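What follows is a set of notes on a single structure, which appears directly below.
The values are calculated or read from the model by the stated rules, or taken from the named source; none is laboratory data. These numbers come from a predicted model, not from an experiment. Cβ: placed from backbone, ideal geometry, glycine included. Neighbour counts: every protein chain shown.
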Amino acid sequence: MANGGMGRLNTFKLGLFGANADGGLAVTTVPERWAARWADIQAVTQMADELGLEFFLPIARWKGFGGQTNARHHSFETLTLASALAVSTRQITVFATVHAPFVHPVFAAKAMATIDHVSGGRAGLNIVCGWNGPEFEMFGIPQSREPYAQGNEWYDVFARILAGEEVFDTPGPHYKLRAVEGRPLSLQRPRPITMSAAFSPPGRDFAARTSDFIFTTFVEISDGAATIADMRARAADHDREVGVFTACHVVCRPTQGEADDYYERFAVREADHAAVDTHMAMKMAMSGSHDAEAYARHRKRFAAGAGTYPLVGTPQHIADTLVSLHKAGFAGVALSFVDYLGELPYFASKVLPLLEEAGLRGRNDE
Ligand SMILES: Cc1cc2nc3c(=O)[nH]c(=O)nc-3n(C[C@H](O)[C@H](O)[C@H](O)COP(=O)(O)O)c2cc1C
């Protein structure tokens, strides 16, 4: 069975990213920052569904970043959230973002099968190997410098269960399991759609082997093309194709000046600077996605959107940037806003028609 949301025909896929956590991706003190209340998350996901966006993608976060707001202290667990959003929506793909080190693959297989049944085949799994040391300490699990060895074993257990393999043993070393089984199987065959969030070469190899999509970041659009070529080559080594998704934070306003002013306000003047420092230090320690210079040069991007790329400006500017990303080879973009519910309608009414004109998206009526 095809996945309802991600199976849509739009050339360039769009979704929401991070709306399950306070602040979304922003680390700011402005009063309108996203509070991530359940009713608002449900409402914005329903809006995205009606608008024909393809996916809802949560972040997996277990601890806040301190500072004035302790940004991300409040975040909903993503498997249970996906099940609730599944019954609230009709077509959109609902991803769960699962930490392979923290969630057992036997449990994850059953949870994902559950979401897939509840949603009628719209479940998606985003696999993360984790970033933040204090989260690993809270779980009492050492943070590996080579997380993908465990990740590959994790994926194999998960995929073998959902593929319907009868009772099997696994040799370890990470998962030494006896008489593994699980029912029901997922509706999507042989497993729900998978994505993995990573940047490094080992992370790309993991995605090449396990995932339909990689979710990754870039600093300049020109670097993006190189990432995509590299990812395609790695996927080809496994006789697979892996689509490349990325994330952008959005400030869409009628004029460039209004967008720039608001960006400067929430991501510079009223950023939660202490929390931004913590966030950047943890990311710098664990991820090779940005070099030291990029952290210094693009602090604003970390305050506004966890280092993702800015879509800041008029609808035309944003549509043009999305067209450039499409031309670079990206398959889709996960979007974040300071106030998802307040800002999505303007973005959708102004930018989506421009993307239709540009041939990136069509009508989504099925
Ligand atoms: C776009 C993107 C989104 C990510 N989202 C999360 C997340 O929600 N929670 C988390 O703990 N780690 C997240 N990660 C971290 C990755 O799962 C991975 O552990 C990290 O990037 C280090 O691996 P790498 O060097 O292969 O990139 C994300 C990474 C990327 C690139």
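Pick from the range 4-36 the residues that are closer than 24 Å to L352 by Cα and polar (S, T, N, Q): which of them is modelled with the lowest pLDDT?
N10
Give me the pairs: first residue in the range 248-266 and more than 19 Å from T29 (Cβ to Cβ), second residue in a helix (DSSP H, G or I) and among the aromatic types (F, W, Y), beta-carbon distance under 9 Å, and six or more apart or on different chains, which are they?
Short answer, once both residue conditions are applied: V250/F347; C252/Y346; C252/F347; R253/Y262; R253/Y346; P254/Y346.
What single numbered condition from (1) of a type outside the set (K, R); (2) in a helix (DSSP H, G or I); (3) near the ligand (Cβ under 10 Å from one of its atoms) fails to hold for V157?
That leaves (3) as the condition not met.
In contact with a strand residue (DSSP E or B) (Cβ under 9 Å, 6 or more places away or on another chain), small (G, A, S), over 17 Å from D339 (Cα atoms) and outside any helix (DSSP H, G or I) - does that describe any residue in the range 30-52?
Yes: the range 30-52 contains one or more residues that are in contact with a strand residue (DSSP E or B) (Cβ under 9 Å, 6 or more places away or on another chain), small (G, A, S), over 17 Å from D339 (Cα atoms) and outside any helix (DSSP H, G or I).
Residues of the range 320-366 being surrounded by fewer than 22 Cβ atoms within 10 Å (Cβ to Cβ) and among the β-branched types (V, I, T), which ones?
Those that are surrounded by fewer than 22 Cβ atoms within 10 Å (Cβ to Cβ) and among the β-branched types (V, I, T): T321, V323.
Mind counting the residues in the range 68-80 that are outside any loop (DSSP other than H, G, I, E, B) and away from the ligand (no atom under 13 Å from the Cβ)?
2
Among the strands (runs of 3 or more DSSP E) lying completely within the range 172-217, list those that include at least 2 residues that are within 15 Å of the chain's Cα centre (by Cα) and under 13 Å from G243 (Cβ atoms).
193-197, 213-216
Mind listing whichever residues of the range 116-152 are assigned to a helix (DSSP H, G or I), without any contact (Cβ under 8 Å) to a residue 40 or more places away in the chain and out of contact with any helix residue (DSSP H, G or I) (no Cβ under 7 Å at 6 or more places or on another chain)? So that I can check it myself, show each step before the final result.
Step one: of the range 116-152, the residues assigned to a helix (DSSP H, G or I) are 116-119, 133-139, 147-152.
Filter once more, keeping what is without any contact (Cβ under 8 Å) to a residue 40 or more places away in the chain: 118, 136-137, 149.
The answer is F136, E137, A149.
Quickly run through the range 247-264 and pick out the residues that are away from the ligand (no atom under 16 Å from the Cβ) and outside any loop (DSSP other than H, G, I, E, B).
Once the filter is applied, which keeps residues that are away from the ligand (no atom under 16 Å from the Cβ) and outside any loop (DSSP other than H, G, I, E, B), the range 247-264 yields V251, C252, Q256, G257, E258, A259, D260, D261, Y262, Y263, E264.
Quick grid of which residues meet (1) more than 16 Å from the ligand (Cβ to nearest atom); (2) of a type in the set (V, I, T); (3) touching a helix residue (DSSP H, G or I) at 6+ places or on another chain (Cβ under 6 Å):
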{"residue": "T217", "(1), (2), (3)": "no, yes, no"}
{"residue": "D230", "(1), (2), (3)": "no, no, no"}
{"residue": "F266", "(1), (2), (3)": "yes, no, no"}
{"residue": "A271", "(1), (2), (3)": "yes, no, yes"}
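Just checking, how many residues over the range 219-228 are more than 12 Å from the ligand (Cβ to nearest atom) and within 30 Å of P105 (Cα to Cα)?
1
Restricting to the range 305-316, and then to whatever is touching a strand residue (DSSP E or B) at 6+ places or on another chain (Cβ under 8 Å) and not hydroxyl-bearing (S, T, Y), can you tell me which residue is surrounded by the most Cβ atoms within 10 Å (Cβ to Cβ)?
If we filter the range 305-316 for residues that are touching a strand residue (DSSP E or B) at 6+ places or on another chain (Cβ under 8 Å), which is where we start, we get 305-306, 308-315.
Add one more test, that the residue is not hydroxyl-bearing (S, T, Y), and what stays is 305-306, 310-313, 315.
Working: G305: 28, A306: 24, P310: 19, L311: 25, V312: 24, G313: 22, P315: 19.
Going through the qualifying residues, I end up with G305.
With P202, P192 as the choices, which residue is over 22 Å from V333 (Cβ atoms) and in contact (Cβ under 8 Å) with a residue 24 or more places away in the chain?
P202
Among (1) free of Cβ contacts under 8 Å to residues at least 24 places away in the same chain; (2) more than 19 Å from A331 (Cβ to Cβ), where does E241 come up short?
If we test E241 against (1) free of Cβ contacts under 8 Å to residues at least 24 places away in the same chain; (2) more than 19 Å from A331 (Cβ to Cβ), just (2) comes out false.
Among F65, F95, F56, F107, which is surrounded by 22 or more Cβ atoms within 10 Å (Cβ to Cβ), without any contact (Cβ under 8 Å) to a residue 60 or more places away in the chain and either within 15 Å of the ligand (Cβ to nearest atom) or within 20 Å of V180 (Cα to Cα) (or both)?
Working: F65 fails: without any contact (Cβ under 8 Å) to a residue 60 or more places away in the chain; F95 fails: without any contact (Cβ under 8 Å) to a residue 60 or more places away in the chain; F107 fails: surrounded by 22 or more Cβ atoms within 10 Å (Cβ to Cβ).
Sole residue among the options that is surrounded by 22 or more Cβ atoms within 10 Å (Cβ to Cβ), without any contact (Cβ under 8 Å) to a residue 60 or more places away in the chain and either within 15 Å of the ligand (Cβ to nearest atom) or within 20 Å of V180 (Cα to Cα) (or both): F56.
Limited to the range 188-226, what total is found for residues that are surrounded by fewer than 17 Cβ atoms within 10 Å (Cβ to Cβ), hydrophobic (A, V, I, L, M, F, W, C) and more than 18 Å from Y309 (Cβ to Cβ)?
Residues that pass the stated criteria total 0.
When you scan the range 283-306, do you find a residue that is at pLDDT 90 or above, touching a Leu at 6+ places or on another chain (Cβ under 6 Å) and assigned to a helix (DSSP H, G or I), even just one?
So far as the range 283-306 goes, yes, one or more of its residues are at pLDDT 90 or above, touching a Leu at 6+ places or on another chain (Cβ under 6 Å) and assigned to a helix (DSSP H, G or I).
Being within 28 Å of Y148 (Cβ to Cβ), in contact with a strand residue (DSSP E or B) (Cβ under 7 Å, 6 or more places away or on another chain) and part of a helix (DSSP H, G or I) is the filter here, so list the residues in the range 81-115 that pass it.
A82, V106, A108, M112, I115
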